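The values are calculated or read from the model by the stated rules, or taken from the named source; none is laboratory data. Just so it is clear, the model here is predicted, and its values are computed rather than measured. Cβ placement follows ideal geometry from the backbone for every residue including glycine, while neighbour counts extend to all protein chains displayed.
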Amino acid sequence: MTDSKYFTTTKKGEIFELKSELNSDKKEKKKEAVKKVIASMTVGKDVSALFPDVVNCMQTDNLELKKLVYLYLMNYAKSQPDMAIMAVNTFVKDCEDPNPLIRALAVRTMGCIRVDKITEYLCEPLRKCLKDEDPYVRKTAAICVAKLHDINAYMVEEQGFLDQLKELLSDSNPMVVANAVAALNEINEASSTGAPLMELTMPTINKLLTALNECTEWGQVFILDALSQYDPKDEREAQSICERIIPRLAHANAAVVLSAVKCLMKFMELMPADSEFVKNLHKKLAPPLVTLLSSEAEVQYVALRNINLIVQKRPDLLKHEMKVFFVKYNDPIYVKLEKLDIMIRLASDANIVQVLSELKEYAAEVDVDFVRKAVRAIGRCAIKVETSAERCVSTLIDLIQTKVNYVVQEAIVVIKDIFRKYPNKYESIISTLCENLDTLDEPEARASMIWIIGEYAERIDNADELLESFLEGFHDENTQVQLQLLTSIVKLFLKRPTDTQALVQQVLSLATQDSDNPDLRDRGFIYWRLLSTDPGAAKEVVLAEKPLIAEETDLIEPTLLDELICHIASLASVYHKPPSAFVEGRAGLRRALPKASGENAEEGATVVPQATVIPSQDSLIPDLLNMDISAPSVLPQSQPPAVGGYGGNELDLLGGGLDSLLGGGSDMGTSGSPAGMVAAGGVSTSAGLLGDIFGVGSPASTGYMAEKTVWLPATRGKGLEVLGTFSRKAGVIYMELSLQNKAMQPMTGFAVQLNKNSFGVTPASMSINVASLAAGMTSEVSLQLNTNGPIQRMEPLTNLQVAIKNSVDIFYFAVVMGIHVFFCEDGAMDKRIFLSTWKDIPSQNEVQFNIENISMNADGISNKLQSCNVFTIAKRNVEGQDMLYQSIKLSNGIWVLTELKVQPGNTTVVLSLKSRATDVAQGVFEAFDAILHMT
C-alpha cells in the first residue's frame, strides 16, 4: 500500500455535497442546491469552487433556476474570468429563446458581467436584442449598452451601438425611449469629450414629450432630465414645451415633480418676467412645491434645499406661502434649520410681523442650535426689512431679558450687525447690553460686545472700566477677542485721550511684547507707530466711516445659482455645489440657464473686444522662417539638422544678406569685455547687473519668470549651447538667452529669426549684438520681442520655432513659451463689464482645473497673480469658501475671465475659466500653476 492513504479523507464537507446535488438528475434537487449556493454566497461564504457545476445548470427551461444561476454568475464572473467564458454560448442561445423574459434576462446579465475577455462575444447577441420585436427586451438592451460602454467605450462606439441607441429614441414604446435616453445620458456624462451624444431637435423633443405621458415614473424622470438640456429657439417654442410638461407637476412621485420644475425654471428664462404666461406658471409651480412639504422628513429636506435655490432665483414664486415653512414641533433639526433659512429669504414688509412672532416662539425652544439660529434670524430680518428693524430690536431686548445665557450671547452678536446697518439709531439699548457682560463666555459674543463698547465709547461713561475688565485675562482670550479688544481700546484712546493713556499703553505692550501671535503683534505695532507719529492719521484710519453691512450675505453667487438651477432634483441641488465639486470627471460638463433672445449685456457696459482669430496651421514646414540669410561663404553649405519634427531638406532658411545687415559682425569688440556682451536693446550685462543693484538700466521683470533651460545642447549646436527663458518687463516681452561657446574656436556673426506663430512674436532686431564669443565664454543676452509679426496657428498654441545663425552654422529648435508673458498690463476689467461678459460667454466655453498643493490664502494668491497681470475684479466668501474673480487680457486681444475657489485648510484651488477662445485654457492653467508655485 502506498503513502497516498495519508492524504485521503472520508469527510465529504458542504462543498462536496452541494457539488453532488448540483449534478443531480432531479430538477427540484438541482434548484434547491442552487438556492443553497446563493444563500451561502449572500452571507459571505466562498462558493467559487462550484463555478463549473453552477454554470452547467444554465441549460434549463426553468426561468426561476436560470435567474439564480445568472445571479451567481454576476457575482463570481470577475474573479473567475477564464471560467466565465463557458457561459458565453448559453448567453448567445438564450438571446434567441422564444420567451422574451429569458432573452431580457440574458442581456441584462451580459451587461452586469464586467469581464473584458468576454465582452466581444456579447456584441452580436446585444445587437439582435436592440432590434428585438419585444419592447421589454429592447428596453433592457438599451441599458446594457450603457453598462458595456463603462467596460469598453471604444468597442461600443466601433460596433455602432450608439447609433442604434439613437434610433431607439424613435421607438413606438415609451419605456424603450426612456431607457434609451437614460443610457445616452449616462454615456454622455462618462464621455471625456463632453460633446452631447443626443442631438435635441424639435422633432426629437416632440417624440420625448409624447413618450413622457405614457412611461413609468422613473422613465419620466429620465426624459425630463433630457428635456432640461434642450435650448429652445425662441419664446414660443419654450411656451409650447412648458405647456406639455405642466401636467407632470401633479405627479405623486417627488422626483418627477422636481424634474418638471427644473425644466420649467429653465424655459422661463426665455420669457419676459412680466408676461402673462410666466405669471400663470408661477401660480402653477407653487402648489406642487408646497405639497412636497407634507411628505416624510427626508423628502421634505430635499424639497427644501431645492426650494431654497428656487426662491433665490425667483423670490416672488412662494411669497404668499410663508405659513408652510413655519416649523413644526416634531420636525427633525435639519428640516427646521432649512425652513428657517427659507423664511428669512421670503421675509418682506407684508409678512414680517407674522415671521417675527414665529421666530420669538422658536427662541423659547429646548434645542440650543435651533434657538441660536432663530435669534440670528431675527437679526437678519432687521437687516433685510428696514421697516421692521425697530420691532426686531425690541424683540431681541425681550430675549436678552430672559437671561438665558446662549440666547443673550447670540442676541448681542446680531445687535452688533444691526448697529453696523443702522448707525446712531439704537444706541439707547447699550446700557441693557452692558448689564450682561459677566455672562458672556463665547468668543464671538465677547468680541461683539467689545466692538460695541469701542464704537460707542464716547456715549458710555465707564467704557474704560468695561474694557479694562476684559484686559485682565488678555492672554487667555481667543484671538478674535484679543484683536477686537486692541482695536476698541485704541478707538477709546482716540476719542478720550486724556484719561485712557495708561490703558492703551498696557494693551499695546501686551499685544507687541507679550504675545506670540503674529497677527496681533503686527496690528499692535501698526497702531503704536500710527499713534506715536501722526495721531491725526490714526484717527482717520481707525475711526474711518465703515461701509454698511450687506442685506443678504449668504446668497449663492449668480453664475453658480444658474448652474444649480439646471441641476434641480439632483445631489448638486442638495449640496448647493456644482457636480464638478464632488464628482470626479465632471469638470467639463457645466450647464447654464439660457438667455432670452435679444438679451444684451447690462446698459452702459462697453463691449469687450472679441478674441482675435488665429489662422490655422495649414502648412507649417514650407513657410518655416522665410529668412533672406545665407551661410558664411567661408564655410561649406550644409543642410540644417532635423530638429523637433521638422527636417533639413524642407527648411530653406538662409538665403543671404544677414552678414551685410549685421555689418559683418567683426568690429564689435571682444567677447571677454563688457562691450562684447550687449543685448539687442543695447544694454550690456554689466549694465543689467547695475540695474539689479541700483534700480537703473533694463526694466525689472514682471512677476514670474521660469528658470532657463537648455534649448540647444552643444552636441547639436556644434559647440554652441543655448539656454533660455522668456520674461515680461514694463510691458515688453524679452527672450533671455545664455550663449555658451563649448567649441575650440571663437564664434561671431550671431543672428536670430522666428517662424510665424500664434501670437505674432517677432524679434525687434534680427541681430544678436554679441560681437565675438571666445571659446569657453558665456554671454547673457536679453532680446526684445514684438507681437506685431505674421500670425499662424501653432500646436501647442505658444510653440515658437527659432533659427540662430553664427559663423559656424545655422541651428534650429522649437520652444514653448509660457502664456503668462502675453498677459497685458491693461487687463483689469470693470466689475459690471466682467459680470455681463461672464454671462455672455457660452457655458460650454467654461473649463475647470485643479491646482494642487497651494498653501496660501486668497489674498496671497491674488497678490501673486496680480504681479503677473492677473487682475482681481472681486472677492467673495461663499459658505466659508473664498471666491476670486479675475480678468486677463492677452496681447492679441483675447480676454480670459477666471474664478478661483479657495477653501481654507484645503491645499487644492479650483480654477474655472471662460474665454471666447477656449484654446488658451490649458496654457492659462499651466501659467497659474507655475506662478502660484514660484518661491
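Tabulated data for the structure shown
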item: Residue in the range 575-585 that is of a type in the set (A, V, I, L, M, F, W, C) and modelled with pLDDT under 70 present; result: no
item: First in the range 238-267 and touching a residue at least 60 places away in the same chain (Cβ under 8 Å) and closer than 17 Å to Ala226 by Cα, second anywhere and among the hydroxyl-bearing types (Ser, Thr, Tyr) and crowded, with 16+ Cβ neighbours inside 10 Å, Cβ under 7 Å, 6 or more apart; result: Lys262/Ser228; Lys266/Ser228
item: Residue that is assigned by the TED database to the domain that holds Val910, more than 28 Å from Pro594 (Cα to Cα) and out of contact with any Phe, Trp or Tyr (no Cβ under 9 Å at 6 or more places or on another chain), where the choices are Ile833, Ile810, Ile854; result: Ile854
item: Among residues of the range 785-799, those that are crowded, with 17+ Cβ neighbours inside 10 Å and of a type outside the set (A, V, I, L, M, F, W, C), counted; result: 5
item: Residue check for Lys889: of a type in the set (Lys, Arg) and crowded, with 19+ Cβ neighbours inside 10 Å; result: yes
item: Subset of the range 201-232 (residues that are part of a loop (DSSP other than H, G, I, E, B), over 19 Å from Glu189 (Cα atoms) and either small (Gly, Ala, Ser) or at pLDDT below 85 (or both)); result: Thr201, Asn213
item: In the range 254-275, residue surrounded by the fewest Cβ atoms within 10 Å (Cβ to Cβ) [restricted to those that are of a type outside the set (A, V, I, L, M) and modelled with pLDDT under 90]; result: Asp274
item: Long-range neighbours under 9 Å by Cβ, at least six apart or interchain, first residue in contact (Cβ under 8 Å) with a residue 24 or more places away in the chain and assigned to a loop (DSSP other than H, G, I, E, B) within the range 516-544, second surrounded by 15 or more Cβ atoms within 10 Å (Cβ to Cβ) and of a type outside the set (A, V, I, L, M, F, W, C); result: Asn517/Gln482; Leu543/Lys491; Leu543/Lys495
item: Neighbours by Cβ (under 6 Å, 6+ apart or cross-chain): first from the range 348-362, of a type in the set (Ser, Thr, Tyr); second assigned to a helix (DSSP H, G or I); result: Tyr362/Ala374
item: Options Val802, Val808: the member that is part of a loop (DSSP other than H, G, I, E, B), over 18 Å from the mean Cα position of the chain (by Cα), crowded, with 19+ Cβ neighbours inside 10 Å and of a type in the set (Val, Ile, Thr); result: Val808
item: Filter result for the condition that a residue is modelled with pLDDT under 90 and of a type in the set (Asp, Glu), over Glu780, Glu795; result: Glu795
item: Among the residues listed as Leu50, Leu71, Leu63, Leu105, the single one being of a type outside the set (S, T, N, Q) and at pLDDT 85 or above; result: Leu105
item: Complete set of residues in the range 783-799 that are part of a strand (DSSP E or B) and touching a helix residue (DSSP H, G or I) at 6+ places or on another chain (Cβ under 9 Å); result: Leu785
item: All positions within the range 816-832 that are farther than 27 Å from Met735 by Cα and surrounded by fewer than 20 Cβ atoms within 10 Å (Cβ to Cβ); result: Asp830, Lys831, Arg832
item: Number of the exception - Lys45 against (1) exposed (fewer than 15 other Cβ atoms within 10 Å of the Cβ); (2) over 48 Å from the mean Cα position of the chain (by Cα); result: (2)
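For every residue, the table says whether it meets (1) under 23 Å from Asp97 (Cβ atoms); (2) in contact (Cβ under 8 Å) with a residue 24 or more places away in the chain; (3) not in a loop (DSSP other than H, G, I, E, B).
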{"site": "Glu21", "(1), (2), (3)": "no, no, yes"}
{"site": "Glu28", "(1), (2), (3)": "yes, no, yes"}
{"site": "Lys36", "(1), (2), (3)": "no, no, yes"}
{"site": "Ala39", "(1), (2), (3)": "no, no, yes"}
{"site": "Gly44", "(1), (2), (3)": "no, no, no"}
{"site": "Leu50", "(1), (2), (3)": "no, yes, yes"}
{"site": "Asp53", "(1), (2), (3)": "yes, yes, yes"}
